[in-house]
Amino acid sequence: MDQMVEIVDVSKSFDKVRAVKSANLSLQRGDFLTIVGPSGCGKTTLLRMIAGFDAPDTGKIRINGREVENTPAHKRSIGMVFQKLALFPHMSAAENIAYPLKMRRFQFDTIPDLVEKYLHLVKLDGLGKRYPHELSGGQQQRVAIARALSFSPDLLLLDEPLSALDRKLRNEMQLEFRRIQQELGVTTINVTHDQREALIMSDQIVVMNEGIIQQAGTPVDMYRNPENMFVANFIGVTSMLKGVVCGSGKNSVSVKIGDATVTARANGEEIAIDAAVDCAIRAEQIRIMDIDSNVGDDFDNAVDGIIKQRIFEGDRVLYAVQADELGGAMLHLFDHDPNSHNEYPINQRVKLGWNSRDLFAFPAETVK
Amino acid sequence: MQSRNSKNIPASWKLLDLAERLLVTIWPARLNKYVGWGFLLPALLLVGILLIGLGYIIEYSFHELDLATYRLKAEYSLTNYHTFINRPVYLHILGRTMLASIIVTIITLILAFPYAYMLVRTRSAMMRKFLLIALFLPFFIGQVVRAYGWLIILGKQGFVNSILTSIGLPELDLIYNFQAIVFGLIQYMLPFAILLIIPAITSISEDFELASEGLGANWVSTFRHVVLPMAKPGLVGSFVVVFTLTMTDFAMPEILGGGTSDFIANAIYDSFFQISNPGLGAALSVLLVAIGSIIVTAIFYFAGTGTLGIRQKTR
Ligand SMILES: Nc1ncnc2c1ncn2[C@@H]1O[C@H](COP(=O)(O)OP(=O)(O)OP(=O)(O)O)[C@@H](O)[C@H]1O
Ligand SMILES: [Mg+2]
C-alpha cells in the first residue's frame, strides 16, 4: 500500500454553506483520480484544502505519508493548474516554468535545462520566450501544466483547466494531460463536471454531490455498478423509472412499474416489499426494434412504446420513447447504427428490448 | 408585425421611435463618423483654452518688469529666468519642492498600497465598509479646512501640546516647518493614491497569488514577484498623480509652513500678488510646468506606456 493522498473525514463550511461533508478518499502513488460532480458540489473546496489554500474545519489530510495540517501551501509539494490558469502575464512561458524552480531554490545552473525539458514535454520547444498573451489557448494550457510539473511535485492538482476550451481542443488536451501524467507517473487529482472526461482520463473516479462523496471506484466500476441513483444518473444518459417492489431478493428485485412487472438488479441491500424504488437504465442498453419484431434470446424484457422525440447526433440517434405499459414513463435510448435500417419517425410505435441485469433498482431517495 | 401590435406598444417606446426618426432626418447616417469627435469637443475645448493660457504665460515670462511703471516692458528678455538662476532662494525653493514631492510620494505609496490591498482582499464586509468610509470621508473636507484642522491639533496651544504640557513634557514646535508640510501633504494625498491603486489590485485575480504560493513562494516573494509587478500600472499612475499634485501644491506649505518653507507655487503666488511681478511669476510657472512635464514623461518612458494601458493587453 503506497498511498500518496489520504483524506480522512474532512469537512468544510462557509458561513451556512456546508461545502464538503466528511469526505474520505485515498489515492495510490501514480494514479490519476478525477473528482466529478455538478457545479457547486464542493470539488474546488476539496482541492483547495489539499493544496493548502484553505484549512479543513475537521478531519485529516495526509500527503506522501505526512500530515499536512501545519504545512503552508508554499511548503507542500503540490503543482496546481487553475481553472483560469493564472499564468503570470509579466513573465514569458519559460519564466513561468522557471518560477517554481527559483522559489524552491533549485540549483541555479540546472534551471535552464529543466525549463527546456518541460517545454519539450508539453511540445512547446522554441516558444519559451513568448508571453502568455502571445500563446493560443491550448498552448497556455501546456505552459500551465509545465509550470505545475517542473519542480517534480508529489501531487498534481487540476481544477477544471480544460473547461474553457472548445470541445475539440478539450478532447485533445485530455489525452495530452493523460500522456504527460503517465510519462512522468505523477499522482494526479483532476476536477471536472464532464463525466466523459472523468471516464476517459482516470484510474479512479470520485462522484460528488452537495458536498458528499457519492461513490469512488474505477471508471468501469462506476459505469457498471452505480451505488445510487445519483451516480447512475450522472454517468451516461440514463432513464429513471419510478416503481414499487413486489418481490424482493438480495441481488434482484421484482418491481411493478405502471402495469408491468420487471426484474431489476439490486445493489446488495435487501429492499422491503412495497418499498418505493427508482429504477435506472442507460440509453445504450436499450435496443429499438420494429413493433412486430421478435425479441428472441437477446433480451429478456420488452415493451411497446411511441417515439416522442428524435435527436440526430451524427454517430447515433437519441430517441425518447413513451412506454404506456410502464405507466407512461419516458425511456431514452441510443440507436448506434441508424444507417442499417429505417429511421423511426416521431409517433411511430416501436418495440424496446433490454436485459434485466442492466436495470438498476435503488431505494427511492438514495441520493445521499 | 409592427403595425399589428402598435396599439400595445408603451407610449414611451413610441416617443423613442419618433425621436429616432427625427434624428435620422436631421442627422444623416453618413455624418455618424463625426459623432465621436462631437463627444470629444468639450474636452478638446477645455484643453485648448488651457493651452492658450499657457501661451500667454510663456509670453509674459519673457518680459522684464519695468520698476518705473510696474508694467511689463515691451521688449523680450531672459531677465526673469536669470533672476531665477541667480537668486539662491528660488533654487532653494525648487529643491525643497522636489525633495518634498519625492518624500511625500514615496511615503504615500507605501502607506496606500497595504490599505488598498486590504480593502480589495478582505473577506469581511464590515471591514471593507469601514475602509471605504474612512477613505471617502476626507474628500468631503477640503484641503484648506484640513490644513487649519492640523493647525488646531498641532499648534502651540493645540491638542497635542496641551497633552504634552499636562503630563509635564516640554512644548514642541509641530507646525510651521518642513515636516508639518510633508505630514499634511501625505495625509492629503493618501486617498488619491489609494483610489488609484485599488483598480490595479482588483485586476489581479487572487488566483495569481494562490498560484504563486502553490509554486513555492512565500508571501514576501509572492508580493515581490507577482503582486508588485502586476500592480505596476496603478502604482506608476498614482506616483505621477501624487508627485505632480505635491509639486504644485499651494495650500499646505502656505498654511502649515506659515511662510517658512515655501514651495514653488507659493513663490509664484508671491510674484504675482505680493511683489506684483507677473513676468517673474510667469517664468516660475513655466519652469514648474516644464519640470513636471519632463519628470512625468521620464516616468512613462522608463515604466513603459503600459502604465497607461495602451500597450499591454493581458489576455
Ligand atoms: N469562499 C467561499 N465563501 C462562501 N461560500 C463558498 C466559498 N467557496 C465556496 N463556497 C460555497 O461552497 C460550495 C462548494 O463550492 P465549490 O467552489 O467547492 O464548488 P465546485 O464543485 O468547485 O463548483 P464548480 O464546478 O462550479 O466550480 C458552493 O455552494 C459555494 O457557494
Ligand atoms: Mg470549482
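Charged neighbours of A:GLY185, selected by a Cβ distance under 13 Å, balance to -2 (K, R count +1; D, E count -1). Taken about its Cα centre, segment A:232-368 carries a charge dipole of about 320 debye when Lys and Arg each add +1 at the Cβ and Asp and Glu each add -1 at the Cβ.
Grab the other residues whose beta carbon is less than 9 angstrom from that of A:ASN355, score K and R as +1, D and E as -1, and report the net. Could you put the intermediate results ahead of the total?
On the way: positive: A:ARG357; negative: A:ASP298, A:ASP300, A:ASP358.
For residues surrounding A:ASN355, the net value is -2.
When all protein chains stay in place and ligands, DNA and RNA are ignored, the 1.4 Å accessible-area order of A:TYR99, B:TYR188, largest first, is B:TYR188, A:TYR99. Between B:ILE153 and A:ASP15, the simple label model (points 7 Å from Cα in the Cβ direction) yields a spacing of 3.5 nm. Checking every one of the GluC sites (Glu not before Pro) in segment B:163-266 against DSSP loop status and a limit of 15 other Cβ atoms within 10 Å picks out B:GLU171. Distance between the C-alpha centres of segment A:74-145 and segment B:208-283: 37 Å, rounded to the whole angstrom.
Which entries in the list A:LYS12/A:LYS60; A:LYS75/A:LYS102; A:LYS102/A:LYS129; A:LYS129/B:LYS232; A:LYS43/A:LYS129 go over 23 Å, if you measure between the two C-alpha atoms of each? Cα-Cα > 23 Å for A:LYS43/A:LYS129; rest within. Close amide H pairs (under 5 Å, H built 1.01 Å from N) link A:MET80 with A:LEU157, residues at least 5 positions away or on another chain. On the basis of the beta-carbon distance and an R0 of 60 Å, B:GLU20 and A:ASN251 show a calculated FRET efficiency of 0.25. Between B:TRP37 and A:LEU169, the modelled label-to-label distance comes to 4.0 nm, taking each label 7 Å out from Cα in the direction of the beta carbon. Ranked by solvent-accessible area (1.4 Å probe, protein heavy atoms only, all chains present), the residues B:SER166, B:SER238, A:SER356 order from largest to smallest as B:SER166, A:SER356, B:SER238. Under a 5 Å amide H cut-off, with hydrogens placed 1.01 Å from N, A:SER22 pairs with A:SER11, A:LYS12 among residues at least 5 apart or on other chains. Charge dipole (Cα centre; +1 on Lys/Arg Cβ, -1 on Asp/Glu Cβ; no other charges) of segment A:1-152 amounts to roughly 220 debye. Each residue of segment B:168-177 was assigned a 3J(HN,Hα) from its phi angle through the Karplus curve 6.51 cos²θ - 1.76 cosθ + 1.60 (θ = phi - 60°); the sequence is x, 8, x, 5, 10, 8, 9, 10, 6, 8 Hz, with glycine and proline shown as x.
Cα centroid separation, segment A:149-194 to segment A:257-274: 41 Å. Across segment B:91-104, computed HN-Hα scalar couplings (Karplus, 6.51 cos²θ - 1.76 cosθ + 1.60, θ = phi - 60°) run 4, 4, 5, 4, x, 5, 4, 5, 4, 4, 4, 5, 4, 4 Hz from first to last residue, x flagging Gly and Pro. For B:LYS156, which aspartates and glutamates qualify as cross-link partners when the Cα separation must be under 18 Å and same-chain residues fewer than eight apart are set aside? Reachable aspartates and glutamates: B:GLU171, B:ASP173, B:GLU254. In terms of its C-alpha gyration tensor, segment A:110-179 has an oblate overall shape, because the principal axis ratio a/c (a ≥ b ≥ c, square roots of the eigenvalues) is not below 1.5 and a/b does not outweigh b/c. Between the beta carbons of A:ASP274 and A:GLN107, assuming R0 = 51 Å, the FRET efficiency works out to 0.10 to the nearest 0.05. Here the Karplus curve 6.51 cos²θ - 1.76 cosθ + 1.60, taken at θ = phi - 60°, turns the phi angles of segment B:117-129 into couplings of 4, 4, 4, 6, 8, 4, 8, 8, 5, 4, 4, 5, 4 Hz, with x standing for Gly and Pro. With both residues required to sit in the protein assembly as shown, DSSP beta bridges show an antiparallel share near 75%. The lysines within cross-link reach of A:LYS123, meaning a Cα-to-Cα straight distance under 20 Å and a gap of 8 or more places when in the same chain, are A:LYS168. Can you classify chain B as rounded, prolate or oblate using the Cα gyration tensor, where a ≥ b ≥ c are the square roots of its eigenvalues, rounded means a/c under 1.5, and otherwise it's prolate if a/b beats b/c and oblate if not? Oblate, because a/c is 1.5 or more while a/b does not exceed b/c. Note: relative contact order over chain A, using C-alpha pairs below 8 Å and six or more positions apart, is 15 percent. Per-residue ellipticity at 222 nm from helix content only, as computed over chain B with -39500 (n - 2.57) for each DSSP H run of at least four residues, stands at -22000 deg cm²/dmol. The simple Förster model, with R0 at 60 Å and r as the Cβ-Cβ distance, assigns A:ILE306 and A:HIS133 a FRET efficiency of 0.65. Note on segment A:266-342: with neighbouring protein chains present and a 1.4 Å probe, carbon and sulfur make up 42 percent of its accessible heavy-atom surface. Computed from label points 7 Å out along Cα-Cβ, the spacing between A:ALA55 and A:GLU284 is 4.6 nm.
Count the net charge of all other residues whose Cβ sits under 13 Å from the Cβ of A:PHE106, scoring Lys and Arg as +1 and Asp and Glu as -1. Residues near A:PHE106 contribute +2 overall. Under a model in which nothing but the beta-carbon of Lys, Arg (+1) and Asp, Glu (-1) is charged, the protein assembly as shown shows a dipole of about 1640 debye around its Cα centre. Could you tell me which of rounded, prolate or oblate describes segment A:19-64, using a ≥ b ≥ c as the square roots of the eigenvalues of the alpha-carbon gyration tensor, with rounded for a/c under 1.5 and, failing that, prolate when a/b is larger than b/c and oblate otherwise? Oblate. Computed per residue of chain A from DSSP H runs no shorter than four, each worth -39500 (n - 2.57), the mean residue ellipticity at 222 nm is -6500 deg cm²/dmol.
The values are calculated or read from the model by the stated rules, or taken from the named source; none is laboratory data. Quick caveat, the model's predicted, so the values are computed rather than measured. Heads up, the Cβs are rebuilt from the backbone with ideal geometry, glycines too, and the neighbour counts pull from every protein chain shown. Each accessible area value is taken on the protein alone, full model and side chains, heavy atoms only, with ligands, DNA and RNA left out. Shrake-Rupley method; radii C 1.70, N 1.55, O 1.52, S 1.80 Å.
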